[in-house]
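Read through the structure below, which is laid out as structure tokens, and then see the notes.
Where a number appears in this text, it was derived from the coordinates with a stated rule and is not lab data. All values derive from a computational prediction rather than experimental measurement. Glycine gets a Cβ as well: all are built from the backbone with ideal geometry, and neighbour counts include every protein chain shown.
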Amino acid sequence: MNINQKLDVIISKMDTFQSDITDLKSDVAELKTDMSEVKGEIVVLKKDVAELKTDMSEVKGEIVVLKKDVAELKTDMSEVIGEIVVLKKDVAELKTDVSVLKTDMADVKSDISDIQLTLENDVSRNISIIAEGHMDLSRNLHEAIKTSNEFENLTIKVSLLENRVSKLEKKKKKKIS
């Protein structure tokens, strides 16, 4: 192969290379366009990531507050559970006390029934007997008082009569003298 042929081959290859270079340039231009779009998207992504970081730091702060609140709630719940245990104990004691009170109330009802029966059967009858005796005593007392009053009246009359007699005797003595 001669030089011309070789040159033709080289030129042909050069043309191919140029065509390839042109294609590469076109591809590089597209890549540049794509890269600039990617850069724009990266800028947006960086902005979004910065916002996410800010939001995440806020969320972390809120999580810290929530953890603190949860810890306080746990403490409060422990106290409430303790108080519930005390209340359950108190309720159990109250149930026992109420049971005792019910028993005592039944005893009191029984005692009241016994007292009512005693009042109706014994005391009422005895009061009637005493009242009858009292009426007799009252009559006897009135009769005794009547007799006493009559005696007092007679005593007064005798005293008046003695005074008159005494006056009459004095008058008589004056007349005689």
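Working out 0.36 nm times the residue gap between V85 and V70, then minus their Cα-Cα distance, what length gain in nm do you get to one decimal?
Details: separation 15, 0.36 × 15 = 5.40 nm, distance 2.21 nm.
Once the chain is fully extended between V85 and V70, it gains 3.2 nm.
Converting phi to 3J(HN,Hα) with the Karplus coefficients 6.51, -1.76 and 1.60 and the offset θ = phi - 60°, region 161-173 yields 5, 4, 4, 5, 4, 5, 5, 4, 5, 5, 5, 5, 5 Hz in sequence order, with x at every glycine or proline.
Gain in length, L161 to I21, computed as 0.36 nm per residue apart minus the alpha-carbon separation, to one decimal in nm? Write out the running numbers ahead of the final one.
On the way: separation 140, 0.36 × 140 = 50.40 nm, distance 18.22 nm.
Fully extending the segment from L161 to I21 adds 32.2 nm.
Calculate, for V28 and K6, the FRET efficiency according to 1/(1 + (r/R0)^6) with r their C-beta to C-beta distance and R0 35 Å; round to the nearest 0.05. The pair V28/K6 has a calculated efficiency of 0.70.
More than 25 angstrom separation, counting every C-alpha pair in the chain; what % is that? Intermediate results must be reported in sequence, preceding the final value.
Values: 12802 of 15576 pairs.
Every Cα pair in the chain considered, those over 25 Å come to 82 percent.
I'd like the FRET efficiency for N126 and D97, computed as 1/(1 + (r/R0)^6) with the beta carbon distance as r and R0 of 30 Å, rounded to 0.05. Efficiency for this residue pair is about 0.15. Charges on Cβ only, +1 for Lys and Arg, -1 for Asp and Glu, centred on the Cα centroid of the chain; of Q5, G82, S36, which one is farthest towards the dipole's positive end? Of Q5, G82, S36, it is G82.
Give, as a single signed number, the net charge of other residues whose beta carbon lies under 12 Å from the beta carbon of K13, with Lys and Arg counted +1 and Asp and Glu -1. Provide the component values of the computation, followed by the final result.
On the way: positive: K6; negative: D8, D15, D20.
Here the count lands on -2.
The charge dipole of the chain, taken about its Cα centre with unit charges on the Cβ atoms of Lys, Arg (+1), Asp and Glu (-1) only, comes to about 3480 debye.
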